[in-house]
Amino acid sequence: MEKRFQGKVVIITGAGNGLGRATAERLAREGATLALVDINPEFLARTQEALEAVAPGVRTLLVTANVAREADVAGFVEQTLTTFGRIDGLYNNAGIEGRQNPVADYDSAEFDRVIDVNLKGVFYGMKHVLPQMVRQRSGAIVNASSVGGIRAVPNQVGYGASKAAVAGMTRDAAIEYGIYGISVNAIAPGAIMTDMVVGSLKQIGGEEGWEEAGRRFVSVNPKQRFGRPEEVASLVAYLLSQEAEFINGAVIPIDGGQSAAY
Ligand SMILES: NC(=O)c1ccc[n+]([C@@H]2O[C@H](COP(=O)([O-])OP(=O)(O)OC[C@H]3O[C@@H](n4cnc5c(N)ncnc54)[C@H](O)[C@@H]3O)[C@@H](O)[C@H]2O)c1
C-alpha cells in the first residue's frame, strides 16, 4: 500500500469503533502517526490491538476524552503536540445518533446532547487544531456530516440539525483558512454498516425486526447495499492526503447514490 502519511500526524476522534477505527487502520497502513481519541477507553484499547495487527510498530497516542467538553478537546490537542510536535490532519468523527422521535416528541435534553457532541464537538476540534495548522501553513480537516445533514431523515431532528450545521461550519472554516494552505471538507455518509446503524435499525424495527428494516432501507439504494467502513476510510484518507489539496469546502456524499434520488 502507498504510504501517503509517512511522517504525518493525524488526530481521529471516535477512533474506538466504526468509521473512526476503520480510518485509523487505513492511515496506519499508510504510515501515519496517530492520536486516537474516544470517550470509551476499552474501545480505544481494541483499536490499538487492531492497529498492531495491520501496521506493527505504528506510533499512537490514546486519549480518553469527551469531544463535547472544550477542555477535553484542548487537552488532546495539547497532548498530541507535546508527544508528536505537529498536527497534519484531524478527522472530527465522534458522533451519536440520539433517541429517535418526531419533532413534537423529541426530548429537549436529548436534542442538547446530540448538538453538544456532533456540532460543538466538531467546532471545538477545528477551533483548537487550526492555530497549529496555521503555524505550519498546512493541514487538512475532515468533518463528519451525514446524508441526514443534506437530506431529510425522519425522527432525527437533533441529528439532522447537527449534521447540517457541520456542513455549514465546514464551508465557513474552508474559506477562512484556505489561504494558510489548509483544507476543510466534510463527508456525508449514507448508511454504512457500523454499530451506530445497527442501533438505528433497532430503533426502527426492534430487536427482532432490525435486519428486515435494514433490507427495506437498502432496497431503495441504487447499489442495493449498505456501505462498508473501509470505503469511508478510503475517502477520508484521500481527503486528508496531499492529493486532495485543491478540494476545500466540499461536503461529499458517500451513499451509493441514494441522496441523489428524487
Ligand atoms: N455509520 C453511518 O452510517 C454514518 C452515516 C453518516 C454519518 N455518520 C457519522 O460518522 C461518525 C461515526 O459513526 P459510526 O457509525 O462509526 O459510529 P459508532 O457508534 O460505531 O462509533 C462512534 C465512536 O465515537 C465514540 N464517541 C461517541 N461519543 C463521543 C464523545 N462525546 N467523545 C468522544 N468519542 C465519542 C464512541 O465511543 C464510538 O467509539 C458519526 O459522527 C456519525 O454521525 C455515520
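Structure notes:
- Residue 186 long-range amide H proximity, modeled H, under 5 Å: 143, 250, 251, 252
- When GluC sites (Glu not before Pro) are flagged only if DSSP places them in a loop and at most 14 other Cβ atoms lie within 10 Å, the longest unflagged stretch of the chain comes out as 3-244.
- GNM flexibility winner over the chain from 232, 73, 58 (Cα, springs under 10 Å): 58
- Relative contact order (%) - the stretch 108-228, alpha-carbon pairs under 8 angstrom, separation at least six: 24
- Cβ-based exposure ranking for 108, 183, in which fewest neighbours within 10 Å come first: 108, 183
- Percentage relative contact order, the chain, counting C-alpha pairs under 8 Å, at least six apart: 19
- Cα centroid separation, the stretch 119-159 to the stretch 245-262: 15 Å.
- For the chain, hydrophobic long helices are taken as DSSP H runs at least 15 Å long by C-alpha position along their axis with mean Kyte-Doolittle hydropathy of 0.0 or more; these are 70-84, 121-136, 157-177, 229-240.
- Shape category assigned to the stretch 122-240 from the gyration tensor of Cα positions, a/c cut at 1.5: prolate
- The GNM of the chain, with springs linking C-alpha atoms under 10 angstrom apart, assigns the highest mean-square fluctuation among 173, 15, 24 to 173.
- The phi torsions of the stretch 249-261, fed into the Karplus equation with coefficients 6.51, -1.76 and 1.60 and a -60° offset, translate into couplings of x, 8, 10, 9, x, 9, 8, x, x, 4, 6, 7, 7 Hz, rounded to whole numbers, with Gly and Pro shown as x.
- Around the amide H of residue 139, modelled in the peptide plane, lie the amide H atoms of 183, all under 5 Å away and 5 or more residues distant in sequence or on another chain.
- Three-way shape call for the stretch 25-93 based on the alpha-carbon gyration tensor, with the a/c threshold at 1.5: oblate
- Ranked 3, 202, criterion: other C-beta atoms within 10 Å, fewest first: 3, 202
- Listed values for the stretch 55-69 are Karplus-derived 3J(HN,Hα) couplings in whole Hz (6.51 cos²θ - 1.76 cosθ + 1.60, θ = phi - 60°), namely 9, x, x, 4, 8, 9, 10, 9, 10, 7, 7, 10, 5, 6, 9, and x replaces Gly and Pro.
- For the residues 72, 172, 88, a GNM of the chain with alpha-carbon springs under 10 Å puts the largest fluctuation on 172.
- Amide H contacts of residue 61 (H built 1.01 Å from N, in plane; Pro and chain starts excluded): 34, 35, 36 sit under 5 Å, all sequence-distant by 5 or more or on other chains.
- Mean ellipticity per residue at 222 nm, deg cm²/dmol - from DSSP H runs of n ≥ 4 across the chain, formula -39500 (n - 2.57): -15500 deg cm²/dmol
- In order along the stretch 103-113, the Karplus-derived 3J(HN,Hα) couplings, from 6.51 cos²θ - 1.76 cosθ + 1.60 at θ = phi - 60°, round to 3, 5, 9, 6, 5, 5, 5, 5, 4, 4, 4 Hz, and Gly and Pro are given as x.
- In summary, the chain shows an alpha-carbon radius of gyration equal to 0.96 times the 2.2 N^0.38 Å reference for compact globular proteins.
- Alpha-carbon gyration tensor eigenvalues x 5, square-rooted, for the stretch 50-195, Å: 28, 18, 15
Read-outs: derived from the displayed coordinates by stated rules, not from any lab. All figures in this text were calculated on a predicted structure; none of them were measured in a lab. A quick note on method: Cβ atoms are made from the backbone with ideal geometry, for glycine too, and the neighbour counts reach across all protein chains shown.
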